[in-house]
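J.: Okay, handing you the structure first.
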Amino acid sequence: MIVAHRGASADAPENTVPAFELAWKQGADAIEGDFRLTKDGHIVCIHDPDTKRTAGKKRVVAKSTLEELRALGSGIPTLGEVLATVPAGKSIYLEIKCGAEIIPPLLETLGSSPIDASEVLAISFDQDVLKELKARAPQYATSWLCRFETDAFGNLRPTVASVLDTLEEIKADGLGAGKDYINEAIAAAILAKGFAFHVWTVDAPEQARQLLDWGATSITTNTPGKMKSALAD
């Protein structure tokens, strides 16, 4: 499965409706977007906690209303608007960038959308958010985001054993890992326990091929069209 990172973000402004629509045109199997809650309770699609990088003017999302964010003219869509782009049979990865306060409006919006629960994957670095979401709405799959690193002695951190413990404790369905330091043994250990194994953000086709050979469930990329074409070749 090829997932468009913030839409076709190499070719269109990230986390905007045009980026998501372009991802579908490029043949993406799924889109990934970042979601935060506004001051007045709307869920909007934006990666950073404020709008400085994408809009040129700084407004903190959690302290701004939807109307104030719209006034910036940077094309920040709501969750509902992003869901409306998803064709039947395609999927969406919802990265939750704030706390559990987003869960009630998230479930309300998903519930009123025609999208099937099986086409939604909630992802987050925040274990507690995923744990609470799973407890309240077990019909939605969840994936914990983790970035592997090595310490001063060359040891992998976090350890694979601790990652597996976390996944079991929060009842996640899978792991979303950064592409660095991934090897076949890590992939095999995750998959052997029955968890899905998603990898981000991969733009090199040769690396994607290697990860898929190791059994990766999905590859998230900034260039879905080029990746689909390269893998087809």
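J.: Run down L66, L94 and say which single residue is out of contact with any strand residue (DSSP E or B) (no Cβ under 6 Å at 6 or more places or on another chain) and surrounded by 13 or more Cβ atoms within 10 Å (Cβ to Cβ).
T.: Of L66, L94, the one residue that is out of contact with any strand residue (DSSP E or B) (no Cβ under 6 Å at 6 or more places or on another chain) and surrounded by 13 or more Cβ atoms within 10 Å (Cβ to Cβ) is L66.
J.: So E14 ticks every box in (1) in contact (Cβ under 8 Å) with a residue 40 or more places away in the chain; (2) closer than 21 Å to C146 by Cα; (3) of a type in the set (D, E) but one. Which box is left unticked?
T.: Among (1) in contact (Cβ under 8 Å) with a residue 40 or more places away in the chain; (2) closer than 21 Å to C146 by Cα; (3) of a type in the set (D, E), E14 violates only (2).
J.: List the number of the failed condition for L212; all other conditions in (1) in a helix (DSSP H, G or I); (2) out of contact with any helix residue (DSSP H, G or I) (no Cβ under 8 Å at 6 or more places or on another chain) hold.
T.: Here L212 meets the rest and fails (2).
J.: Go over the candidates V129, V120, V163 one by one and state the one that is closer than 21 Å to A28 by Cα and surrounded by 18 or more Cβ atoms within 10 Å (Cβ to Cβ).
T.: V120
J.: Among the residues of the stretch 45-57, are any modelled with pLDDT of 95 or more, crowded, with 22+ Cβ neighbours inside 10 Å and in contact with a helix residue (DSSP H, G or I) (Cβ under 7 Å, 6 or more places away or on another chain)?
T.: There is at least one residue in the stretch 45-57 that is modelled with pLDDT of 95 or more, crowded, with 22+ Cβ neighbours inside 10 Å and in contact with a helix residue (DSSP H, G or I) (Cβ under 7 Å, 6 or more places away or on another chain).
J.: Another question about this same structure. For residues that are part of a helix (DSSP H, G or I) and either of a type in the set (S, T, N, Q) or within 19 Å of the chain's Cα centre (by Cα) (or both), scanning just the stretch 215-233, find the one that is surrounded by the fewest Cβ atoms within 10 Å (Cβ to Cβ).
T.: Only one residue fits best here, namely S229.
The values are calculated or read from the model by the stated rules, or taken from the named source; none is laboratory data. All values reported here derive from a predicted model rather than from experimental measurement. Neighbour counts are summed over all protein chains in view; Cβ atoms, including those assigned to glycine, are modelled from backbone coordinates with ideal geometry.
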